[in-house]
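What follows is a set of notes on a single structure, which appears directly below.
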Amino acid sequence: GAGAANYKPFAKFNVGQAKVTTVFDGLWEKPHDPAFIKNASVDDTKKALEAAKIKTPYVPVPFTVTFVDTGRNLVMFDAGGGGQATPVAMGKTGLLADNMKKAGIASAKVDTILVTHFHPDHIFGLMAKDTNEAVFPKSRIVMPELEYKFWTDPALVDKVPDPRKPLVKRIQSVFPVWKDKGYVMLAMPGSEPVPGIRMVDTAGHTPGHVSYHVTSGKSQL
């Protein structure tokens, strides 16, 4: 099977001198749906899962948060789903804090959070449920500028379907306030928000989506 209990709490590997830890935040047991994977049928999907020795009645979508300790900075990429229900039932997240402890990562030591995009399973872990207080108040949060501009445009609320409106409203009520307070910095692709980590334009999944390229010595990730 591929239930949440079958996933290790964390895994570690090195990229040059940088120490990388991936931490399990939870699992979405995604019901089979012909519309989910555009270029494969449900039958094809089940065959691929079986070939990978994953015999499940659903598509398992694990949520993983990556940490990189460069020696100078302890960087977290996105923040998981925070165990918070989303407009779309995105499964059970919320294991990040416990699994960080198991991996020996102290949340107070995370000095920088690099955000890829603003979907709930990537940003809700930044905000406490109900109060929206910062879960990592000591961390500098770097967001892609185009993603920030897209989601904080006041006109967006009326353009998105109803199930997405709460997400847009939450982003617009929190991130601009954090930016004014200096918690949030905006950056553009090509910049290095952390020495050795470059922001890369990978727009498409969302309008301002970015990825991050880590280099240490001759190694890269």
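The values are calculated or read from the model by the stated rules, or taken from the named source; none is laboratory data. Fair warning: this is a prediction, and the values are worked out from it, not measured in the lab. With ideal geometry, Cβ positions are generated from the backbone for all residues, glycine too; neighbour counts draw on all protein chains shown. Side chains are part of the model used for accessible areas, which takes the heavy atoms of the whole protein and leaves out ligands, DNA and RNA. Shrake-Rupley method; radii C 1.70, N 1.55, O 1.52, S 1.80 Å.
List, in the order given, every pair from Lys12/Lys218; Lys12/Lys101; Lys55/Lys92 whose Cα-Cα distance in the structure shown is over 23 Å. Pairs exceeding the cut-off: none. Computed packing ranks the peptides 136-142, 11-17 as 136-142, 11-17, most packed first, by mean other Cβ atoms within 10 Å. The charge dipole of the chain, taken about its Cα centre with unit charges on the Cβ of Lys, Arg, Asp and Glu (plus for the first two, minus for the last two), comes to roughly 520 debye. Under 22 Å Cα-Cα from Lys179, which lysines qualify once same-chain neighbours fewer than 8 residues away are excluded? Lys179 reaches Lys109, Lys129, Lys138, Lys149, Lys165, Lys169. Averaged over its residues, the chain has an accessible area of 53 Å² per residue, based on protein heavy atoms and a 1.4 Å probe. Across segment 169-191, the residues whose backbone nitrogen lies under 19 Å from the label position 7 Å along the beta-carbon direction of His213 are 187-191.
Put simply, the amide H of Met127, placed in the peptide plane, has neighbours under 5 Å in Val135, leaving out anything fewer than 5 places away on its chain.
Just the protein heavy atoms count here, and of the accessible area of the chain at 1.4 Å, carbon and sulfur take up 55 percent. In this rough spin-label picture, where each label sits 7 Å from Cα along the Cβ direction, the Ala203-Lys19 distance is 3.8 nm.
Per residue, the convex hull around the alpha carbon atoms of segment 125-221 comes to 120 Å³. Candidates Met100, Val168, Ala35 compared by Cα position along the dipole of segment 30-174: farthest toward the positive end lies Met100, with charges placed on Cβ. To the nearest 0.05, how large is the calculated FRET efficiency for Arg72 and Lys102 if R₀ is 22 Å and r is the Cβ-Cβ distance? So, using R0 = 22 Å, E works out to roughly 0.35. By a 1.4 Å probe calculation restricted to protein chains, Tyr183 has an accessible surface near 70 Å², given to the nearest 10. Helical runs assigned H by DSSP (4 residues or longer) give the chain a calculated mean residue ellipticity at 222 nm of -6000 deg cm²/dmol, each run adding -39500 (n - 2.57) before division by the residue total.
A simple rule links phi to the HN-Hα coupling: the Karplus curve 6.51 cos²θ - 1.76 cosθ + 1.60 with θ = phi - 60°, which for segment 67-75 gives 10, 10, 9, 7, x, 9, 10, 10, 10 Hz, with x for Gly and Pro.
What the Cβ-Cβ distance of Asp162 and Glu29 gives, at R0 = 30 Å and to the nearest 0.05, is a FRET efficiency of 0.75.
As a ratio to 2.2 N^0.38 Å, the alpha-carbon radius of gyration computed for segment 1-150 takes the value 1.13. In the context of the full protein assembly, Ser219 retains an accessible surface of approximately 50 Å², using a probe radius of 1.4 Å and ignoring ligands and nucleic acids.
Convex hull volume of the C-alpha atoms in segment 1-42, normalised per residue: 125 Å³.
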